[in-house]
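The block underneath contains the structure these notes are about, expressed in structure tokens.
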Amino acid sequence: MEPISLVHASLGERELAAVAEVFASGWPSGQGPRGKALEAQLVQKYGVGDAVAVSSCGTALHLTMLALGVKKGDEVIVADYGFPAPAQAALYVGATPVFADVRPDTYTIDPQSVADLITPRTVGIVAVDTVGMPADYTELQAIADRHGLFLVEDAACAVGATYQGRQAGALAEVACLSFHGRKGASSGEGGALLARDPAIGKDARLRSSFGIGSIFDLGNIVGLPIPTLTEVGYNFKLSDIAAAILQVQLARIDELLERRAAIAAQYAELLAGEELLTLPTVPPDRTHAWQTYMVTLDAGVDRAAVATEVRRQGIGCAIGTFAAHVQPVFQAQQKCPVSADLFARQLSIPMHAELRPNQVERVVEALSSAVRTHASSTRALGGAA
Ligand SMILES: *Cc1c(COP(=O)(O)O)cnc(C)c1O
């Protein structure tokens, strides 16, 4: 049987042609013509004040913490369920991540949990659009405004999603995107910081290039420019090779998203009758980018056994995503029971724009059969009765 992978980046001839152009231009490094063109494309698409192309969403979050002035002793409230990059970013600048539990239906940060965690040391909130589902920005913004906190959107997985008619990536004062190979638009590795306030973008762009600014621009100045370094900077630049790939990917995003949405709809239809699984649901005021399709197994189902059986048939599957507060690195003081439960019971199944309907059928057959085989005997008997 032909294997069915969990993840597959949709990179093709058009992306290759764009890369060939960069090779011919002689400027493959960052902050050159293609990087600038990508940033202009992002500003246009999202209607933000500035967009900074960087090496990953992780570095975008790090630059966000620096640009917002987060420092040692500060507390940053982060969504507990999702890839724990926001908590890592808080640690990079010496701050303390504080973990907020999530809603059981959308898996996104629970505004009530955020409100309960605010202390005099709280400086801001990082919401996560969990595997492509936008969080509750209306409620979160109201909390942020009431307490004078910043609100950041980790939209790593959410390119193409919407919330109350607005695009994910434009739902908070700063948003961070990822272009990792498992996300909806990809250059292999890559990211972007989108900011309403151009001053935030300027700060991030400067720190992303060792505090020097664009070397490409310096090369085009007549005379002898002598750069000065005024800040601790990093090399977090996105290469122009990656930027060229992303310009093509962003132009294709509607087509890629349509494929993912069709696959999600097929899963929902074929798995609807499976009592041992809970499927994702999307509230009417938002749309999902379907970065990952996660199912929740009934408490009596042996998840490891199900995953082993599905994988044995050449079908990719993995945990859903992370509960951050249980990761030893964070030494968390909070309890997040909803997130912990999802971390224990969710499974991600193949989701990418290249999946074909007959492959989705094979995944469904394998999964349904495995969950029934590995359900606890009481539940299995109940189901058969
Ligand atoms: C993937 C992901 C990241 C990290 O993105 P990179 O580009 O790999 O650094 C951050 N946050 C969330 C929620 C993610 O899913």
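The values are calculated or read from the model by the stated rules, or taken from the named source; none is laboratory data. The structure displayed is predicted, hence computed values, not measured ones. Methodologically, a virtual Cβ is constructed for each residue, glycine included, from the backbone with ideal geometry; neighbour enumeration extends over all protein chains shown. For the accessible areas, the whole protein counts, side chains as well, though only heavy atoms, and no ligand, DNA or RNA atoms are used. Shrake-Rupley method; radii C 1.70, N 1.55, O 1.52, S 1.80 Å.
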- Task: Any chance you could give the angle, 0 to 90 degrees and rounded to 10, that helix 253-271 forms with the longest Cα principal axis of the chain?
- Result: 20 degrees
- Euclidean distance between Cα centres, region 204-250 to region 148-167, Å: 26 Å
- With charges only on Cβ, +1 for K and R and -1 for D and E, what is the dipole size of the chain about its Cα centre, in debye, rounded to 20? 560 debye
- Item | Portion, in percent, of the accessible area of region 13-251 that falls on carbon or sulfur, probe 1.4 Å | 58 percent
- Once the dipole of region 253-379 is set up with Lys and Arg at +1 and Asp and Glu at -1 on Cβ about the Cα centre, which of 338, 304, 284 lies farthest towards its positive end? 304
- Item | Non-local Lys pairs in the chain, i.e. 8 or more apart or on different chains, that have alpha carbons under 21 Å apart | 9
- Task: Pop out the carbon and sulfur fraction of the accessible area of region 253-379 as a percent, whole number, probe 1.4 Å.
- Result: 53 percent
- Message: Taking the square root of 5 times each eigenvalue of the Cα gyration tensor, what semi-axes in Å does the equivalent ellipsoid of region 13-251 have, largest first?
- Response: 31, 21, 13
- Item | Residue (of 162, 175, 54) at the positive-pole extreme of region 13-251, dipole from beta-carbon charges | 54
- Query: In vacuo Debye scattering of region 1-137, one point per C-alpha: log10 I(q)/I(0) at q = 0.15, 0.17, 0.20 Å⁻¹?
  - Reply: -0.92, -1.05, -1.19
- Query: So what is the accessible area of the chain per residue, in Å², with the probe set to 1.4 Å?
  - Reply: 42 Å²
- Tell me the label-point distance for the pair residue 17, residue 1, using the 7 Å Cα-to-Cβ offset, in nm and rounded to one decimal. 3.8 nm
- Query: What's the FRET efficiency of residue 72 with residue 305 using the Cβ-Cβ distance as r and R₀ = 45 Å, to the nearest 0.05?
  - Reply: 0.50
- Item | R0 of 22 Å, Cβ-Cβ distance residue 166-residue 40: FRET efficiency to nearest 0.05 | 0.60
- Treat each spin label as a single point 7 Å out from the Cα along the C-beta direction, and report the residue 105 to residue 121 distance in nm. 3.5 nm
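Considering Cα pairs under 8 angstrom that are at least six residues apart, work out the relative contact order of region 296-374 and quote it in whole percent.
Relative contact order here is 44 percent.
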- Query: If amide H atoms are built 1.01 Å from N in the plane of the peptide, which residues on other chains or at least 5 residues away come under 5 Å of the amide H of residue 30?
  - Reply: 240
- Task: Output the relative contact order of the chain, whole-number percent, from Cα pairs under 8 angstrom with separation of 6+ residues.
- Result: 23 percent
- Message: Shape verdict for region 183-256, please, from the Cα gyration tensor: rounded (a/c under 1.5), prolate (a/b greater than b/c) or oblate.
- Response: prolate
